[in-house]
Amino acid sequence: MIATSSIENSVAAQMRETPTEEPSSEIVCLVDDDPLVLRSTGLLLASDGFAVRRFDNGEDFITYVASHNVPLVVLDIWMEGMTGLEVLARLCAISRQTHVIVITGREDSAARVTAMQIGTVAFLIKPFDDEQFLEAVHRALDRPPESPSGKPPLSAPDLVRNSRFGTRVAGRNRAWD
């Protein structure tokens, strides 16, 4: 019997949970300090065909994005250590082409405004609707969504009306820049 370390076991478990990257797979990074959110949101993204890279802190993600092309990151705002807003600031300096969807467990209008001014694609309050989340992911990647319900995809104004991630700016709802 060959003994393996807990790190090797963790890596093996990560590989089982995340599909192998293929050249056509789009990578979505998921940064959240809540292991349940990492797992459930990661599985949701993987079920929609995305290669998912999970990070439980902002520092590890910043190290990764410094040497990898990351088309999209789903980023928690309120994390221990480096907050999501700090990650956003550093991300803007090293990878301006990376699109960002912010997720948070609590409404914070100042964080929402700051995130939207930085240019995030969407600002979602946990728990969020799976279909609306995937719609935001597809929009961020400019990839037409495949609606499992057979309904037409929601437009940006529909998303703003039907969810809590729009923000009031100059008397109108605004979900994307």
Would the range 100-107 turn up any residue that is over 16 Å from L30 (Cβ atoms) and at pLDDT below 90?
yes
Got at least one residue in the range 81-100 being in a loop (DSSP other than H, G, I, E, B) and crowded, with 21+ Cβ neighbours inside 10 Å?
no
Contact list, first residue from the range 116-142 and at negative phi, second anywhere and of a type in the set (K, R) and open to solvent by less than 40 Å² (accessible area, probe 1.4 Å), beta-carbon distance below 8 Å, six or more apart or interchain, is F123/R112
With respect to D129, determine if the residue is closer than 18 Å to D48 by Cβ and either surrounded by fewer than 17 Cβ atoms within 10 Å (Cβ to Cβ) or touching a helix residue (DSSP H, G or I) at 6+ places or on another chain (Cβ under 8 Å) (or both).
yes
Output for Cβ contacts, cut-off 7 Å, separation at least six or different chains, first residue over 13 Å from V28 (Cβ atoms) in the range 45-64, second open to solvent by less than 40 Å² (accessible area, probe 1.4 Å) and β-branched (V, I, T), reads G58/V31; G58/V87; I62/V87
Is it the case that some residue within the range 3-21 is crowded, with 17+ Cβ neighbours inside 10 Å and at pLDDT 95 or above?
no
Note on the range 38-80: residues open to solvent by 30 Å² or more (accessible area, probe 1.4 Å), farther than 19 Å from K126 by Cβ, in contact with a helix residue (DSSP H, G or I) (Cβ under 9 Å, 6 or more places away or on another chain) and assigned to a helix (DSSP H, G or I) are E59
Here are some conditions: (1) open to solvent by 40 Å² or more (accessible area, probe 1.4 Å); (2) over 20 Å from T41 (Cα atoms); (3) at pLDDT 90 or above. I118 meets all but one. Which one does it not meet?
(3)
Only residues that are under 15 Å from the mean Cα position of the chain (by Cα) and open to solvent by 10 Å² or more (accessible area, probe 1.4 Å): list them for the range 101-111, please.
G105
Quick test for you: out of E131, E135, pick the one residue that is closer than 28 Å to P35 by Cα, touching a Pro at 6+ places or on another chain (Cβ under 6 Å) and modelled with pLDDT of 75 or more.
E135
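The values are calculated or read from the model by the stated rules, or taken from the named source; none is laboratory data. All figures in this text were calculated on a predicted structure; none of them were measured in a lab. Here the Cβ is made from the backbone with ideal geometry for all residues, glycine too, and neighbour counts use every protein chain on show. We work out accessible area using only protein heavy atoms, side chains counted, and drop any ligands, DNA or RNA first. Shrake-Rupley method; radii C 1.70, N 1.55, O 1.52, S 1.80 Å.
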